[in-house]
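Report on the structure given below.
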């Protein structure tokens, strides 16, 4: 994996401008902050947290669980796309999100985009994140 950083650009904080990688591509669908291991009485996943930081934690854990199924690890993520319902809520949660991100993903910062959206399919969801990873060839 190669971080793509033009030499005369300011180094980004918390993301990469681009990444080049070779290997097996892993595409992870958009995930929200529900816990699919703990369904409610109707069989739907439960929500361990309704706040933005708590949902970020569970969403990242969900992504890591899916990556594991492909033999991928957080450091193989090359791109994250965040869909947030409230930009101001997202920005206000940055101080809490940073430590959560580092705990689950580590100090690996892939290419990222964050988009403000008016709604998500799951009404309880504050955010949805999709991921792309590349598992290096042996």
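Tell me whether the stretch 5-12 contains one or more residues that are exposed (fewer than 14 other Cβ atoms within 10 Å of the Cβ) and at positive phi. No, there is no match, as no residue in the stretch 5-12 is exposed (fewer than 14 other Cβ atoms within 10 Å of the Cβ) and at positive phi.
Give me the pairs, please: first residue somewhere in the stretch 69-84 and touching a residue at least 24 places away in the same chain (Cβ under 8 Å) and on the phi > 0 side of the Ramachandran plot, second residue anywhere and part of a strand (DSSP E or B) and surrounded by fewer than 18 Cβ atoms within 10 Å (Cβ to Cβ), beta-carbon distance under 9 Å, and either six or more positions apart or on two chains. If the second residue must be part of a strand (DSSP E or B) and surrounded by fewer than 18 Cβ atoms within 10 Å (Cβ to Cβ), the pairs left are 71/24; 71/135. Pairs are defined by a Cβ separation below 9 Å, a sequence spacing of at least 6 or placement on different chains, a first member in the stretch 86-107 that is at positive phi, and a second member that is surrounded by 12 or more Cβ atoms within 10 Å (Cβ to Cβ) and part of a helix (DSSP H, G or I); the pairs so defined are 106/74; 106/75. In the stretch 25-47, the residues that are on the phi > 0 side of the Ramachandran plot and free of Cβ contacts under 8 Å to residues at least 60 places away in the same chain never reach a residue that is part of a strand (DSSP E or B) and exposed (fewer than 11 other Cβ atoms within 10 Å of the Cβ) with C-beta atoms less than 6 angstrom apart, at least six apart or across chains.
Would you check which residues across the stretch 5-43 are over 18 Å from residue 73 (Cβ atoms), under 20 Å from the mean Cα position of the chain (by Cα) and not in a strand (DSSP E or B) and list them? Within the stretch 5-43, 12, 13, 14, 15, 17, 18, 32, 33, 34 qualify.
We did not get these values from a lab; they are worked out from the coordinates using the rules stated. Here the structure is a predicted model, which is why all the values come from computation and not from measurement. We place every Cβ from the backbone using ideal geometry, glycine too, and count neighbours over all the protein chains shown.
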